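Since the structure comes first, as structure tokens, the remarks are kept for the end.
The values are calculated or read from the model by the stated rules, or taken from the named source; none is laboratory data. It should be emphasised that the depicted structure is a prediction, and the values quoted were computed from it without experimental measurement. SASA here: full protein model, heavy atoms, side chains in, ligands and nucleic acids out. Shrake-Rupley method; radii C 1.70, N 1.55, O 1.52, S 1.80 Å.
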Amino acid sequence: ILQVWKGLHDVGRAAAEGFDVVVSNADAWYLDCGAGSFVDGGRSWCDPFKTWEAMLDNDVLEHVEPEHQHHVLGGEVCMWTEQVDQSNLHSKVWPRAAAAAEALWNP
């Protein structure tokens, strides 16, 4: 099982090669992006902020041929904790994680 996080094109390639895939692409499903770099205060590698609309519109099967779609097992949103703690966890995660769940559950 491969976790694909760099981009949706890799999902199609991995599935076509027969690998089962879990999708967590950083261009849509990284919850910690958009606050800048926690190291130097500049831009983060995964800016900009990912809105709930972007998460809902993320089509994990976009680059997967129909005959390979059974290899896409599902997906996950990612929340790295360098910039989150108990005071802002819920506002960082919800409703965006729910939008990703909606995208995965509905065809």
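Computing the accessible area with a 1.4 Å probe over protein heavy atoms, can you report the carbon and sulfur percentage for the chain? Write out the running numbers ahead of the final one.
Values: 3660 of 6620 Å².
Ligands and nucleic acids excluded, carbon and sulfur give 55 percent.
Determine the gain in length on full extension of the stretch Thr51-Met79; use 0.36 nm per residue of separation and subtract their C-alpha separation, reporting nm with one decimal. Write out the running numbers ahead of the final one.
On the way: separation 28, 0.36 × 28 = 10.08 nm, distance 1.39 nm.
So the chain would gain 8.7 nm between Thr51 and Met79.
Figure the gain on full extension for Gln3 and Ala16 (residue separation times 0.36 nm, minus the Cα-Cα span) and round it to one decimal in nm. Display every interim value, and only then the final one.
On the way: separation 13, 0.36 × 13 = 4.68 nm, distance 1.47 nm.
Additional length available on full extension: 3.2 nm.
Out of every Cα-Cα pair in the chain, what percent are more than 18 Å apart?
Details: 2772 of 5671 pairs.
That fraction is 49 percent.
Working with all protein chains in place, sort Arg96, Arg43, Arg13 by solvent-accessible area computed with a 1.4 Å probe, largest first. Intermediate results must be reported in sequence, preceding the final value.
Working: Arg96 10, Arg43 180, Arg13 135 Å².
Heavy-atom accessible area, descending, gives Arg43, Arg13, Arg96.
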